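Visitor: Have a look at the structure that comes next, please.
The values are calculated or read from the model by the stated rules, or taken from the named source; none is laboratory data. Nothing here was measured: the structure is a model prediction, and the numbers come from that model. Heads up, the Cβs are rebuilt from the backbone with ideal geometry, glycines too, and the neighbour counts pull from every protein chain shown.
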Amino acid sequence: NAGVTQTPKFRILKIGQSMTLQCAQDMNHNYMYWYRQDPGMGLKLIYYSVGAGITDKGEVPNGYNVSRSTTEDFPLRLELAAPSQTSVYFCASSPHLIAGVGEQFFGPGTRLTVL
Amino acid sequence: QKEVEQDPGPLSVPEGAIVSLNCTYSNSAFQYFMWYRQYSRKGPELLMYTYSSGNKEDGRFTAQVDKSSKYISLFIRDSQPSDSATYLCAMTWGGGFKTIFGAGTRLFVKA
């Protein structure tokens, strides 16, 4: 199993550009999440999904969109990139609800810089 | 006030030392408490989790939860250079998808 994979590893965007961060998992997990990690701030939940076709907002959804057409894939779309979106983005998946048993499996992250 | 407070460190200890990592929190509704380890330029990985108050031991690692004080700890015995990483505490409550993470404590174990 490859686990959770993310592409690209690094990206530099100009203000106003758009891009899609890709995330895929091969563990047949129902639950998937997108986080951003800023220095000294911990991980913040952007969006999550409980299954194909079902997504919902987390703590910091503004400026982002997601879709979940298959169990395996959960792409994150940035429209009109802003410097405030400079961060490290982590995708995670889980076989269970966070609350309760089970753990989140994280991908290696995408480092995004918006200039 | 942040929901979860964690000293960012860095914490530097010699090999073999006992390490104590701590978090405080403000929301008494939290029931599940986790510790994640994150190596440089990698994603976090779950180290331990506990439900409600008490201790849990796994090899060299012990997690403690004191809900009355809203305080959780991770102890690492006989620390090794391979334990050098950032340790994130995390917590959540039943029925939701929202996990609150601490900012992480950077630990360096010197050989």
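Visitor: So which residues in the stretch B:22-39 are exposed (fewer than 14 other Cβ atoms within 10 Å of the Cβ), at pLDDT 90 or above and within 11 Å of another protein chain (Cβ to nearest Cβ), if there are any at all?
Guide: Scanning the stretch B:22-39 gives a single hit, B:Tyr39.
Visitor: Starting from residues that are charged (D, E, K, R) and within 13 Å of another protein chain (Cβ to nearest Cβ), keep the ones in the stretch A:32-79 and report whichever is nearest to A:Pro8 (Cα to Cα).
Guide: Once the filter is applied, the top-ranked residue is A:Arg36.
Visitor: I'm told B:Ser68 meets every condition in (1) modelled with pLDDT of 95 or more; (2) over 24 Å from A:Gln37 (Cα atoms) except one. Can you identify the failing condition by its number?
Guide: Answer for B:Ser68: the failing condition is (1).
Visitor: Considering the stretch A:64-89 alone, what residues qualify as being in contact with a Ser or Thr (Cβ under 8 Å, 6 or more places away or on another chain), without any contact (Cβ under 8 Å) to a residue 60 or more places away in the chain and surrounded by fewer than 16 Cβ atoms within 10 Å (Cβ to Cβ)?
Guide: Scanning the stretch A:64-89 gives a single hit, A:Arg77.
Visitor: Continuing with the same structure: Quick check on this structure: which one of B:Glu57, B:Glu45 is closer than 21 Å to A:Gln104 by Cα, without any contact (Cβ under 8 Å) to a residue 24 or more places away in the chain, more than 14 Å from chain A (Cβ to nearest Cβ) and not aromatic (Phe, Trp, Tyr)?
Guide: One residue alone meets the criteria, B:Glu57.
Visitor: Would you mind finding the one in B:Lys110, B:Lys70 that is basic (Lys, Arg), touching a residue at least 60 places away in the same chain (Cβ under 8 Å) and more than 14 Å from chain A (Cβ to nearest Cβ)?
Guide: B:Lys110 is the lone residue from the list that is basic (Lys, Arg), touching a residue at least 60 places away in the same chain (Cβ under 8 Å) and more than 14 Å from chain A (Cβ to nearest Cβ).
Visitor: Please verify whether B:Asp78 is among the acidic types (Asp, Glu), more than 8 Å from every other protein chain (Cβ to nearest Cβ) and in contact with a Lys or Arg (Cβ under 9 Å, 6 or more places away or on another chain), treating the condition exactly as stated.
Guide: yes
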